[in-house]
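S.K.: Here it is: the structure, laid out below.
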């Protein structure tokens with residue numbers, strides 16, 4: 001029995017990111033995770049129907065917090081759109097967990113194949129990119145040790 | 001970027017009954033904070049059923065000068081098996097000026113006439129509901145004077 005009108009949602013593919021990672025800085029175990037690693041974002045590209053540009057080199061990090069039943073994704077970096085606008089991207093979401101004995105290896109099979117489920121946020125100035133502030137997004141990510149592909153969808 | 005397709009799967013609806021509203025004087029930057037108490041409600045759907053625990057929290061929205069409203073609600077869902085789940089429901093809403101005027105007067109408006117999307121995260125114990133702690137969920141809202149009905153979908 002429905003409680004009321006089902007609000008229909010649809011996903012609209014808006015753009016893709018390709019990230020490259022540089023230095024890897026393990027924090028080691030914390031009270032929340034057996035494995036906390038910062039991967040510095042060395043650069044990348046943004047392409048797609050609603051946004052094109054580059055990832056500002058060395059502008060942030062991707063820092064999964066990994067425990068046995070899930071990996072909590074936390075990342076932040078800057079995008080420079082093709083028109084020069086700087087946009088802050090904050091990434092969050094989940095990936096598969098891993099046993100405590102497993103070393104961090106982003107390229108092992110369980111991390112490949114669209115296994116990251118994401119809900120990124122953006123902070124853009126007034127102007128042509130301000131729609132990023134007013135839209136909810138989800139994403140799918142395919143993460144390897146040295147790079148990642150992320151596809152972003154608007155929840156319309 | 002093959003393999004990064006995404007779709008949404010309906011998981012449940014939540015009707016949240018309100019108890020009292022406050023809207024505070026604007027800060028120097030023009031942002032107004034609000035408060036809406038949660039009186040109770042119902043959870044119903046293929047993946048979760050139960051109730052909203054009465055008087056378990058509220059929403060603390062930010063009303064931005066450009067008309068966008070950012071929501072930040074925390075309250076408790078109680079599944080039929082008794083499991084208590086904290087929902088942190090963050091979202092945003094914007095609408096054309098005539099729809100905003102109707103909403104502020106608490107007149108009925110069709111949910112397709114405005115954009116109101118939420119991205120909740122959950123604090124959930126290990127057990128049958130712990131998928132909520134590792135699933136990206138987005139929702140759409142149908143807002144009424146006395147309650148809102150959220151329709152939630154899992155990213156798959």
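S.K.: Report the extension gain between residue B:99 and residue B:55 in nm, rounded to one decimal, defined as 0.36 nm multiplied by the number of residues separating them, less their alpha carbon distance.
M.R.: Taking 0.36 nm per residue and subtracting the Cα distance, the gain is 12.9 nm.
S.K.: OK, next. Which of B:106, B:129, B:62 moves most in a GNM of chain B, Cα contacts under 10 Å?
M.R.: Among B:106, B:129, B:62, the largest mean-square fluctuation in the Gaussian network model of chain B belongs to B:106.
S.K.: When only alpha-carbon atoms are used, what values of Rg and Dmax, in angstrom, describe region B:33-108?
M.R.: Here Rg and the maximum Cα pair distance are 14.8, 44 Å.
S.K.: Can you sort B:144, A:117 so the residue with the fewest Cβ neighbours within 10 Å comes first? Before the final figure, lay out the partial values.
M.R.: On the way: B:144 16, A:117 22.
Listing B:144, A:117 from fewest to most nearby Cβ atoms yields B:144, A:117.
S.K.: Which residues does the label zone of residue B:27 cover in region B:62-79, counting backbone N under 20 Å from a point 7 Å along Cα→Cβ?
M.R.: Output list for this probe position: B:62-74.
S.K.: With springs only between Cα atoms under 10 Å, which of B:57, B:140, B:127 fluctuates most in a Gaussian network model of chain B?
M.R.: Of B:57, B:140, B:127, the Gaussian network model singles out B:127 as fluctuating most.
S.K.: Using Cβ counts within 10 Å as a stand-in for footprinting exposure, how do B:52, B:68 rank, fewest first?
M.R.: B:68, B:52
S.K.: With the Cα gyration tensor of chain A giving a ≥ b ≥ c as the square roots of its eigenvalues, does the rule (a/c under 1.5 for rounded; else a/b larger than b/c for prolate; else oblate) give rounded, prolate or oblate?
M.R.: Values: a/c = 2.08, a/b = 1.23, b/c = 1.69.
It comes out oblate by the Cα gyration axes.
S.K.: Now a separate question. When a/c reaches 1.5 or more, the comparison of a/b and b/c decides; with that in mind, is region B:31-70 rounded, prolate or oblate per its Cα gyration tensor?
M.R.: oblate
S.K.: Under the rule a/c < 1.5 gives rounded, and otherwise a/b versus b/c splits prolate from oblate, where does the protein assembly as shown land using the Cα gyration tensor?
M.R.: oblate
S.K.: Another one. Report the full-extension gain for the segment residue B:7 to residue B:47: residue separation times 0.36 nm, less the Cα-Cα distance, to one decimal in nm.
M.R.: Full-extension gain reported as 12.7 nm.
S.K.: Describe numerically, in nm with one decimal, the distance between label points set 7 Å from Cα along Cα→Cβ at residue A:20 and at residue A:123.
M.R.: About 2.7 nm separates the two model spin labels.
S.K.: While we're here: In peptide A:7-17, what is the residue-averaged number of other protein chain Cβ atoms found within 10 Å of each Cβ?
M.R.: Whole-number average of other-chain Cβ neighbours for A:7-17 is 4.
S.K.: Is it possible to state the helix-based mean residue ellipticity at 222 nm for chain B, with each DSSP H run of 4+ residues giving -39500 (n - 2.57), the sum divided by total residues, to the nearest 500 deg cm²/dmol? What is it?
M.R.: Taking each H run of at least 4 residues, the total per residue is -1500 deg cm²/dmol.
S.K.: Shifting gears a bit: Taking the Cβ of each residue in A:27, B:53, B:48 as the centre, tally the other Cβ atoms inside 10 Å and list the residues starting with the fewest.
M.R.: A:27, B:53, B:48
Since every read-out is calculated from the coordinates, none of them should be taken as a lab result. Not measured: the values here are computed from a predicted model. Note that each Cβ is placed from the backbone with ideal geometry, even for glycine, and that neighbours are counted across all protein chains shown.
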